[in-house]
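Contents: one structure, followed by commentary.
The values are calculated or read from the model by the stated rules, or taken from the named source; none is laboratory data. What you see is a predicted model; the values in this text were computed from it and never measured. Ideal geometry is used to build each Cβ from the backbone, glycine not excepted, and the neighbour counts take in all protein chains shown. Accessible surface is based on the protein model in full, side chains and every heavy atom, while ligands, DNA and RNA are left aside. Shrake-Rupley method; radii C 1.70, N 1.55, O 1.52, S 1.80 Å.
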Amino acid sequence: MKKIAIVTDDGKTISAHFGRATQYAVVTIEDGIVTTRELRDKAGHRDFQAEEGHQHKHHDDTRGRGFGEHAGEKHRRMFAAIPDCQIVLARGMGQGAYNGLQQMNIQPIPT
């Protein structure tokens, strides 16, 4: 059995950017067959921007996207809904999110 999380905004298509997506479409695959599908809420940039005192600094970090101040905590919040998944599909994501998923033993697959 494998669980795949697909970042989405509409439950149907893969979102262009991991951090901006609002949901995960999670599918369970057993013996090559999708056995369950569910939508899970996903924390993202919109949540962080709404929080008091948020400053969008990850673009200024010399390592690239996803490494700015508080990035690790934000990524943990984004990943909180999918600890049971083995794979994440997204059209794109910053290197910090990519690395964070790998550290959780979740394989990120940018499409």
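Taking the stretch 1-13 on its own, how many of its residues are among the hydrophobic types (A, V, I, L, M, F, W, C) and surrounded by fewer than 18 Cβ atoms within 10 Å (Cβ to Cβ)?
Filtering the stretch 1-13 for residues among the hydrophobic types (A, V, I, L, M, F, W, C) gives 1, 4-7.
Then keep just the ones that are surrounded by fewer than 18 Cβ atoms within 10 Å (Cβ to Cβ); that gives 1.
Of the residues in that region, 1 qualify.
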- Across the stretch 59-97, what is the total count of residues that are at pLDDT 90 or above, open to solvent by less than 70 Å² (accessible area, probe 1.4 Å) and charged (D, E, K, R)? 1
- Selection count where residues are of a type in the set (A, V, I, L, M) and open to solvent by 60 Å² or more (accessible area, probe 1.4 Å), scope the stretch 24-47: 3
